[in-house]
1. About its Cα centre, what dipole magnitude does the chain give when the only charges are +1 on Lys and Arg Cβ and -1 on Asp and Glu Cβ, stated in debye to the nearest 20?
2. Classify the stretch 197-352 as rounded, prolate or oblate from the Cα gyration tensor: take a ≥ b ≥ c as the square roots of its eigenvalues, call it rounded if a/c is under 1.5, otherwise prolate when a/b beats b/c and oblate if not.
3. Which of rounded, prolate or oblate describes the stretch 225-276 when judged by the alpha-carbon gyration tensor and an a/c cut-off of 1.5?
4. Would you mind checking which residues have amide H under 5 Å from V106's amide H? H placed 1.01 Å from N; only 5 or more apart, or other chain.
5. If you rank H100, H83, H38, H269 by fewest surrounding Cβ atoms within 10 Å, what's the result?
6. Please report, to one decimal in angstroms, the Kirkwood hydrodynamic radius of the stretch 233-306 built from all distinct Cα-Cα pairs.
7. S315 versus E147, label points 7 Å from Cα toward the beta carbon: distance in nm?
8. What is the Cα centroid distance between the stretch 118-138 and the stretch 310-329, reported in whole angstrom?
Amino acid sequence: MELEVIIVVAICPNGKMLVQMNVEDTKLGVAEYISSKHNMNTIELKWGQGAKCIGGEIKVKEIDRAIELKKRGYIVTPDPEEHAVQEAYKLGAIREFERHSRLGFVTKESFLEEVDRLRGLGFDRITLKTGAYSMVEAAMAMKYCSEAKIDLLTFDGAPGGTGMSPWPMMEEWGIPTFYLQSLVYEFAEKLSAKGMRVPDLAMAGGFSSEDGIYKALAMGAPYFKAVCMGRAAMIPGMVGKNIGKWLNEDNLPKTVSEFGHRPEEIFVHYEELAERYGAEIEKIPLGAIGIYSYVEKTRIGLQQLMAGSRKFNLSTIGRNDVMALTEDAAKISGIDYVMDAYRDVAEQILDD
């Protein structure tokens, strides 16, 4: 059984592993499987799977595998069971297939029923992730999650994605992250003003650096509690994996060999992990060490930014810790324009 697994790493000693469930996963009984076999108590629903219902999820090289996936209920293009396609595959004219999920259709009733079903299976925490759609879908997500008492709602703006989506979709299609977060913040304020519950919110969509994390948390305060990153963490993982491959082949490129020819020289946190895990360090993939180094760099960088603004806890970061550099950005986000930010305090100092 195939599972799309995501790791949610918070800036704290504890993390949480989730399984993300799309339309096909629901039909295949993934929730029942992970609840009974792995005793997991957190699960994430997703609106818009298969590159947000736009493009291929994965490419499949072998026709037997493509046929197997079609029999499971996936949409596979071209159809691997067609005779002409099979002949073209034998001749080499067709060399790969795309696996797509069926489209999901969301109604308030069906969403609330699914949340109740998952809680009945034993899941204590249920989260939802949705994409860079219009304000209609953003409003649906906010309202439905409020009523369903969802624990965490993640919005994924553009550019975002892990690489399974078509490149234009990740870079150009959908609502950009800045606009989407501004819109969701506006909706959160409206729900709060009505006395309705606002679920904890997280923002995704092209984040890679600690200053981006800081700005997103500040813009979304007090509703946004986390920032999600995909490709940003995958890249050092892939680089670390490749370094391990190059070391085994004794074929390090110059861009790496200038730092050394052993893992202890190349990876700045290698000795720290070796001290922590002893001989087990040999079993840790270099890709994992690459990700650890990236997380540590991000953690320390964020701490430095927070210290610079005299904020020593994430919950203390607020909207007055950032300012908009253009009037358009101020109008969209509600963040004070740079020529207006703190003006009342500045004027008071001048007048005293």
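1. Details: 41 positive and 52 negative charges, 151 e Å.
Charge dipole, the chain, about its Cα centre: 720 debye, nearest 20.
2. Working: a/c = 2.65, a/b = 2.57, b/c = 1.03.
Prolate, since a/c reaches 1.5 and a/b exceeds b/c.
3. Values: a/c = 2.61, a/b = 1.50, b/c = 1.74.
Judged from the Cα gyration tensor, the stretch 225-276 comes out oblate (a/c at least 1.5, b/c at or above a/b).
4. Counting only residues 5 or more places away or on other chains, the set is empty.
5. On the way: H100 20, H83 8, H38 11, H269 16.
By the 10 Å Cβ count, ascending, the order reads H83, H38, H269, H100.
6. On the way: mean 1/r = 0.0778 Å⁻¹.
For the stretch 233-306, inverting the mean 1/r across all distinct Cα pairs yields 12.9 Å.
7. 3.0
8. When both Cα centres are located, 27 Å separates them.
Coordinate-derived values only; no laboratory data. These numbers come from a predicted model, not from an experiment. Every residue, glycine as well, gets a Cβ built from its backbone with ideal geometry; the counts of neighbours run over all protein chains shown.
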